[in-house]
Amino acid sequence: MEQTLKEQAEEYLQEIGVKFQTIDDRRFKVGYVGLNLKLIEVLVRFSEDDANDFIMTSYSVGCSFSGDLYHEGLELCNELNNEFRWVKFYLDEEQNVVAEYDAYVDDGSCGPAVCNAITKIVAVLDRVYPRFMTLRWG
């Protein structure tokens, strides 16, 4: 039986010593410590139809932009979306900052591709965290 893309990614992460937590047959979570952001959690989720894609989501910025700050938070998300081509930021229904990264992956390169994507989203989140905090708290 062939491995699913998720299994390929998990196997690769194990081989290189990256710890992760399996959630179910389509999702796992990894956590990193950044320089600016003390805990960066990334949820990696694979398609149910075994299409060659995955999406990563993180709520690690940990702040909300409601009320008067909503439009400013939205503007910062749009600004960051122009700066970072792979990671997209938005405010969810509760006005919390969400970062997402989605990509296509080949069977043979799934592990390294997912690991590279995790590295990218973690680096971007750690880099932009001070900008969100400055906007939120002044």
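The values are calculated or read from the model by the stated rules, or taken from the named source; none is laboratory data. Please read these numbers as outputs of a predicted model, since none were measured by experiment. Neighbour counts run over all protein chains shown; Cβ positions are idealised from the backbone, glycine included. In case anyone asks, the SASA skips ligands and DNA or RNA and just uses the protein heavy atoms, side chains included. Shrake-Rupley method; radii C 1.70, N 1.55, O 1.52, S 1.80 Å.
Scanning segment 18-52 for residues that are assigned to a loop (DSSP other than H, G, I, E, B), among the aliphatic types (A, V, I, L, M), under 25 Å from ASP106 (Cβ atoms) and in contact (Cβ under 8 Å) with a residue 24 or more places away in the chain turns up just one, VAL18. Among the residues of segment 86-138, those that are among the aromatic types (Phe, Trp, Tyr) and under 18 Å from GLU72 (Cβ atoms) comprise PHE89, TYR90, TYR129, PHE132, TRP137.
Look at segment 95-112: where a residue is under 11 Å from THR57 (Cβ atoms) and a partner is surrounded by 14 or more Cβ atoms within 10 Å (Cβ to Cβ) and among the aliphatic types (A, V, I, L, M), sitting 6+ places away or on another chain with Cβ atoms under 6 Å, you get ALA99/VAL87; ALA99/LEU125; TYR101/MET56; TYR101/VAL87; TYR101/ALA117; TYR101/ILE121; ASP102/ILE55.
Just wondering, is there one or more residues in segment 87-96 that are assigned to a loop (DSSP other than H, G, I, E, B) and within 15 Å of VAL128 (Cα to Cα)? Within segment 87-96, one or more residues are assigned to a loop (DSSP other than H, G, I, E, B) and within 15 Å of VAL128 (Cα to Cα). Just one of (1) at pLDDT 95 or above; (2) open to solvent by 40 Å² or more (accessible area, probe 1.4 Å); (3) part of a helix (DSSP H, G or I) fails for GLU7. It is (1).
In this structure, TYR101 does not satisfy being in a strand (DSSP E or B) and open to solvent by 30 Å² or more (accessible area, probe 1.4 Å). Against the test of being modelled with pLDDT of 95 or more, open to solvent by 60 Å² or more (accessible area, probe 1.4 Å) and farther than 21 Å from LYS19 by Cα, the options THR134, THR119 yield a single qualifying residue, THR134. Would you confirm, using the coordinates I've provided, whether LEU76 is part of a loop (DSSP other than H, G, I, E, B), under 16 Å from ARG136 (Cα atoms) and in contact (Cβ under 8 Å) with a residue 24 or more places away in the chain? No.
Contact list please: Cβ distance under 6 Å, first residue in segment 1-17 and under 9 Å from VAL114 (Cβ atoms), second residue part of a helix (DSSP H, G or I), pairs at least six apart or on different chains. Going by the 6 Å Cβ cut-off, the qualifying pairs are LEU5/CYS110; GLN8/CYS110; GLN8/GLY111; ALA9/CYS110; ALA9/GLY111; ALA9/VAL114; TYR12/GLY111. Residues that are surrounded by fewer than 19 Cβ atoms within 10 Å (Cβ to Cβ) and either within 18 Å of LEU37 (Cβ to Cβ) or in contact with a strand residue (DSSP E or B) (Cβ under 8 Å, 6 or more places away or on another chain) (or both) within segment 64-76 comprise SER64, TYR70, LEU74, listed in sequence order. Just one of (1) within 30 Å of GLY17 (Cβ to Cβ); (2) in contact with a strand residue (DSSP E or B) (Cβ under 8 Å, 6 or more places away or on another chain); (3) acidic (Asp, Glu) fails for ASP107. It is (2). Just one of the listed residues (TYR90, TYR12, TYR32) is of a type in the set (Phe, Trp, Tyr) and surrounded by 19 or more Cβ atoms within 10 Å (Cβ to Cβ), namely TYR32.
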